Amino acid sequence: MDNFNLCSAYRGSNDLERYDCFDVQCDNMYCYTITTDNEICLMQWIVRLFSLTFPNSGKRLKVSMDMIWDQSVDDHSFFIPVTLQFCYEHFCIIYHVSPPQNFPIVSLENFLNHDYVDFFGFQMLYKVRYLRQQYNLVVKNWFDISCQVCLSTPAFLRNHDVSVPLQTLVSVIFSKKYLKPDDILQSNWRLRDLSLDKIMFATLDCFFVYKIANLITFPLPL
């Protein structure tokens, strides 16, 4: 099985609004990514998303989401996600939670609890519980990709465990290997500027979840 050809490139910055722009490519698939530590920028991204998709009209909006914890930090007082990622179609935003106290509660409250927005991801039960317990944020409609794939496609269980990881699922569905360096999560994600590799893999994890969510018919939210 061949590997995906992966690359990323810096496109520019907006110093006033505190965001950077990147192109991320996986073979012939492209994603336009914004990274920011500015909660207003995240809120504006959500507002633009709603203006394009009109979820209030009754049409359901699918969004993939992910959260990364910095595994290089031993201090449990810093057990706060270092990034939040959201992806719609080929647009992704990475919110860099730096410093750790800069968690975007106000921006996320109505977004996560929206009646017509469905959130897809891996290990979603843990993430949903974390958001509720730590920040009183409710994710109203959510789907765990690995569990839902097995529910939607029982034959998938013949060769895979229910807790199949994203990289394995991507390889099975797209017939190409999605490889990540083993130490990608062990390096320091709290640095002011995320490296191109970190941005690329944080984007692709969320991007692939969005792709899978649109390839499979899912049951009702958990």
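The values are calculated or read from the model by the stated rules, or taken from the named source; none is laboratory data. What you see is a predicted model, and the numbers here were worked out from it, not measured in a lab. Glycine gets a Cβ as well: all are built from the backbone with ideal geometry, and neighbour counts include every protein chain shown.
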> modelled with pLDDT under 95, more than 17 Å from residue 193 (Cα to Cα), surrounded by 16 or more Cβ atoms within 10 Å (Cβ to Cβ) and small (Gly, Ala, Ser): does that describe residue 121?
Replying inline: yes
> Here is a list of conditions, (1) part of a helix (DSSP H, G or I); (2) modelled with pLDDT of 90 or more; (3) surrounded by 13 or more Cβ atoms within 10 Å (Cβ to Cβ); (4) of a type outside the set (S, T, N, Q), and residue 47 meets all of them except one; can you say which number that is?
Replying inline: (3)
>> I'm trying to understand the selection: among the residues of the stretch 193-207, which are at pLDDT below 95 and among the aromatic types (Phe, Trp, Tyr)?
In response: 201
> Residues of the stretch 169-208 being assigned to a helix (DSSP H, G or I), charged (D, E, K, R) and either touching a Phe, Trp or Tyr at 6+ places or on another chain (Cβ under 6 Å) or surrounded by 22 or more Cβ atoms within 10 Å (Cβ to Cβ) (or both), which ones?
Replying inline: 198, 205
> How many residues, within the stretch 138-168, are charged (D, E, K, R), at pLDDT 60 or above and assigned to a loop (DSSP other than H, G, I, E, B)?
Replying inline: 1
